[in-house]
Amino acid sequence: MNISDAAYQKCINPDCGAEFDCGQSFFKCPKCGELLDIRYDWEKLPVPAKLSDFSKRWASRDERLDFSGVWRFRELLSFCQDKYKVSIGEGQTILEENSKVGEYAGMRPGRLFLQYEGLNPSGSFKDNGMTAAFSHAKMVGAGSCACASTGNTSASMSLYAHRCGLKSTVFIGSGRIAFGKLSQAMDYGAQTIQIRGDFDDCMRQVQGVCTKLGLYLLNSLNPFRLEGQKTIMYRIVEQMGWSVPDWIAVPGGNLGNSSAFGKAFEELRGLGLIAKVPRIAIINATGADTLTDLVNNKKLAWNGGRVEQKIIDDYYADLTARGFSPHTCASAIEISRPVNLKKCLRTIDICDGIVRAVTDEAICDAKAIVGKYGLGCEPASAASIAGLKHLVAEGVIGSDERVACVLTGHPLKDPNVTVSYHKDGQGQFSNRPIEAPNDLDEILKLIK
Ligand SMILES: [Zn+2]
């Protein structure tokens, strides 16, 4: 069977609902301009009767696709044939129960779980999406690709591009990218174009460039990327013994992850593979809190797919009129016009989700705690911990509930924030280096 026959693209706008086969490449619905989803005729696909059937693949890890933490679940994202599937060993990530970080957030022992997506080959969760999108790019015969990026996307895209033999171009905002990430894009051979503007400006420009030059777009507008990102949730459920946590906490930037997570759980529930969906907490930084403002203050909601566009248009017009540009040390979520906004609203609907914003100070303190008691993470990732602490204090999340926080990127992605925090004594958990004279006795006095 040609598995791609069972998958198709579908516009999320219920008043349009246009459908397209997966052999085509769009980044928006060609009929109405809305976002596209990948949908499946599940009855045509060999979906396992229970999730634990996927465990068998651990015994065949010498098989390329069984080794991948994304393609191990390939029956749940069957949009292309195996021969097109690209893998560089993505998704070998772990879920760690961490009571020390949990205690910081106000949780009881054994209730907080950290999903370390920084363990991916390029150091962030993006590899989950890129392996899927590049498989599609190969299926449609793309020769060149591009993305706008705050950093992690560019690193992941350029890594996969050179493995697939595609030319790649990344668009970054001037001065708005962490050096660890920029170094990766340059090292992996991408053409890097620094635009005088922020991420939202880059996002607009890259769509224009891709349209004019026919490049394959790898931002999370690309619905195939989100199919790969669903697997982060499968791995959490897998590592919890095929059970679902009470809550997922995730940083909110361009909202691709939260969009993918809601879709993942909705599909699993629809297939009868899980009995309940978890609730989701999406955490913005206060300097880039469009989602928080729109959902909590402007009451923007999914509304069966009929989102009130005027609220969004008015909000963005106001940002433009004020010359607003987002600012947060968590550069990966420094985004004020999130492209997946509507899909994220759908996730909030599916998962009874909530949205909060946390300060840079709270993010940096939480990051230091994840470093001290866990495996470390980049600043944006720590927003999930800072948000959890906030929500436990608020009484929204109970200290006895099981919470999985998604830590999206590796600590070495943004060493500047880490060094400043510790070296300059910026926070309550700063761990400053001590200067010592070049003298053994004096040095011995300093060792505790
Ligand atoms: Zn449409």
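The values are calculated or read from the model by the stated rules, or taken from the named source; none is laboratory data. Only a predicted model underlies this, so the values are computations on that prediction, with no experimental measurement involved. Using ideal geometry, Cβ is built from the backbone for each residue, glycine included, and neighbour counts are taken over all protein chains shown. Accessible surface areas use protein heavy atoms only, side chains included; no ligands, DNA or RNA. Shrake-Rupley method; radii C 1.70, N 1.55, O 1.52, S 1.80 Å.
A few comments on the model shown:
- Qualifying position, being of a type in the set (V, I, T) and over 22 Å from the mean Cα position of the chain (by Cα), among I311, I282: I311
- Per-region count, the range 30-53, residues more than 10 Å from P223 (Cβ to Cβ) and near the ligand (Cβ under 10 Å from one of its atoms): 5
- Residue check for A362: outside any loop (DSSP other than H, G, I, E, B) and touching a residue at least 40 places away in the same chain (Cβ under 8 Å): no
- Total residues in the range 236-256 satisfying the condition of being part of a loop (DSSP other than H, G, I, E, B) and buried (at least 24 other Cβ atoms within 10 Å of the Cβ): the figure is 4.
- For the range 400-413, the criterion of being in contact with an Asp or Glu (Cβ under 7 Å, 6 or more places away or on another chain) and assigned to a helix (DSSP H, G or I) is satisfied by at least one residue.
- Subset of the range 414-444 [part of a helix (DSSP H, G or I) and among the hydroxyl-bearing types (S, T, Y)]: T418, S420, Y421
- Given (1) closer than 19 Å to A260 by Cα; (2) in contact with a Cys (Cβ under 8 Å, 6 or more places away or on another chain); (3) open to solvent by 30 Å² or more (accessible area, probe 1.4 Å), index of the condition C32 fails: (1)
- The range 140-161 residues that are at positive phi, paired with ones that are surrounded by fewer than 24 Cβ atoms within 10 Å (Cβ to Cβ) (beta carbon under 8 Å, 6 or more apart): G151/G180; G151/L182
- Restricting F20, F79 to residues that are away from the ligand (no atom under 16 Å from the Cβ), in contact with a strand residue (DSSP E or B) (Cβ under 6 Å, 6 or more places away or on another chain) and under 15 Å from V140 (Cα atoms) narrows the list to F79.
- C11 being within 16 Å of the ligand (Cβ to nearest atom), hydrophobic (A, V, I, L, M, F, W, C), without any contact (Cβ under 8 Å) to a residue 40 or more places away in the chain and open to solvent by 30 Å² or more (accessible area, probe 1.4 Å): no
- Condition check for V370: in contact with a His (Cβ under 7 Å, 6 or more places away or on another chain), at pLDDT 95 or above, hydrophobic (A, V, I, L, M, F, W, C) and open to solvent by less than 20 Å² (accessible area, probe 1.4 Å): no
- Scanning the range 57-70 finds one or more residues that are surrounded by fewer than 17 Cβ atoms within 10 Å (Cβ to Cβ), among the basic types (K, R) and away from the ligand (no atom under 16 Å from the Cβ).
- Every residue from the range 35-53 that is more than 23 Å from the chain's Cα centre (by Cα) and either among the aromatic types (F, W, Y) or open to solvent by 60 Å² or more (accessible area, probe 1.4 Å) (or both): W42, E43, K44, P46, A49, K50
- From the list G91, G106, the lone residue that is open to solvent by 30 Å² or more (accessible area, probe 1.4 Å) and at positive phi is G106.
- Contact annotation: residue pairs with Cβ atoms under 7 Å, 6 or more positions apart or on different chains, pairing a residue in the range 389-414 that is more than 12 Å from I280 (Cα to Cα) with a partner that is among the polar types (S, T, N, Q) and open to solvent by 30 Å² or more (accessible area, probe 1.4 Å), are V392/S399; P411/T418.
- When we screen R269, R306, R279, R225 for residues that are free of Cβ contacts under 8 Å to residues at least 24 places away in the same chain and either out of contact with any strand residue (DSSP E or B) (no Cβ under 9 Å at 6 or more places or on another chain) or closer than 28 Å to G395 by Cα (or both), the only hit is R269.
- Restricting the search to strands (runs of 3 or more DSSP E) fully inside the range 121-235 and requiring at least 2 residues that are open to solvent by 10 Å² or more (accessible area, probe 1.4 Å) gives 167-173, 191-195.
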